[in-house]
1. Any chance you could count how many residues in segment 53-66 are over 17 Å from the mean Cα position of the chain (by Cα) and either assigned to a helix (DSSP H, G or I) or under 19 Å from residue 39 (Cβ atoms) (or both)?
2. Answer with yes or no whether residue 18 is in contact with a strand residue (DSSP E or B) (Cβ under 8 Å, 6 or more places away or on another chain) and either modelled with pLDDT under 90 or not in a loop (DSSP other than H, G, I, E, B) (or both).
3. Which one of these does residue 29 not meet: (1) at pLDDT 95 or above; (2) at negative phi?
4. Restricted to segment 67-106, and to residues that are in contact with a strand residue (DSSP E or B) (Cβ under 6 Å, 6 or more places away or on another chain) and in a helix (DSSP H, G or I), which residue is nearest to residue 23 (Cα to Cα)?
């Protein structure tokens with residue numbers, strides 16, 4: 001028996017590996033591709049996505065402002081930080097927005 005005396009309840013979640021690719025998240029509407037036609041200029045061809053909530057709440061001009069601030073941070077501030085402090089965030093519409101760069105391609 002497991003947690004709470006039930007055989008069908010698993011108490012150790014470490015046995016589960018769940019992979020939810022960016023492509024799946026886009027297909028499900030959780031992520032939205034942004035500025036696809038400008039990926040070569042803005043990100044060297046890497047996909048740029050936002051959560052659907054961010055995409056709905058922030059204008060395209062606001063998203064570009066966030067990206068430009070991130071690019072400036074990446075070149076000026078990032079090299080001075082310890083690895084554990086290398087997470088960019090900014091404020092937009094009184095909300096904190098994080099920019100996370102991954103190496104995982106969007107299929």
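1. Kept after step one, since they are over 17 Å from the mean Cα position of the chain (by Cα), are these residues of segment 53-66: 59, 61.
Of the ones still in play, those that are also either assigned to a helix (DSSP H, G or I) or under 19 Å from residue 39 (Cβ atoms) (or both) are 61.
Summing the residues that are over 17 Å from the mean Cα position of the chain (by Cα) and either assigned to a helix (DSSP H, G or I) or under 19 Å from residue 39 (Cβ atoms) (or both) in segment 53-66 gives 1.
2. Working: in contact with a strand residue (DSSP E or B) (Cβ under 8 Å, 6 or more places away or on another chain): no; either modelled with pLDDT under 90 or not in a loop (DSSP other than H, G, I, E, B) (or both): yes.
Considered against the rule, which asks whether it is in contact with a strand residue (DSSP E or B) (Cβ under 8 Å, 6 or more places away or on another chain) and either modelled with pLDDT under 90 or not in a loop (DSSP other than H, G, I, E, B) (or both), residue 18 comes out as no.
3. The one condition residue 29 does not meet is (2).
4. Kept after step one, since they are in contact with a strand residue (DSSP E or B) (Cβ under 6 Å, 6 or more places away or on another chain), are these residues of segment 67-106: 69-70, 73, 88-90, 96-99.
Next, from what is left, pick out any that are in a helix (DSSP H, G or I): 69-70, 73.
Working: 69: 26, 70: 23, 73: 27 Å.
Restricting to residues being in contact with a strand residue (DSSP E or B) (Cβ under 6 Å, 6 or more places away or on another chain) and in a helix (DSSP H, G or I), the top hit is 70.
The values are calculated or read from the model by the stated rules, or taken from the named source; none is laboratory data. These numbers come from a predicted model, not from an experiment. Cβ coordinates were reconstructed from backbone atoms using ideal geometry, including for glycine residues, and neighbour counts include every protein chain displayed.
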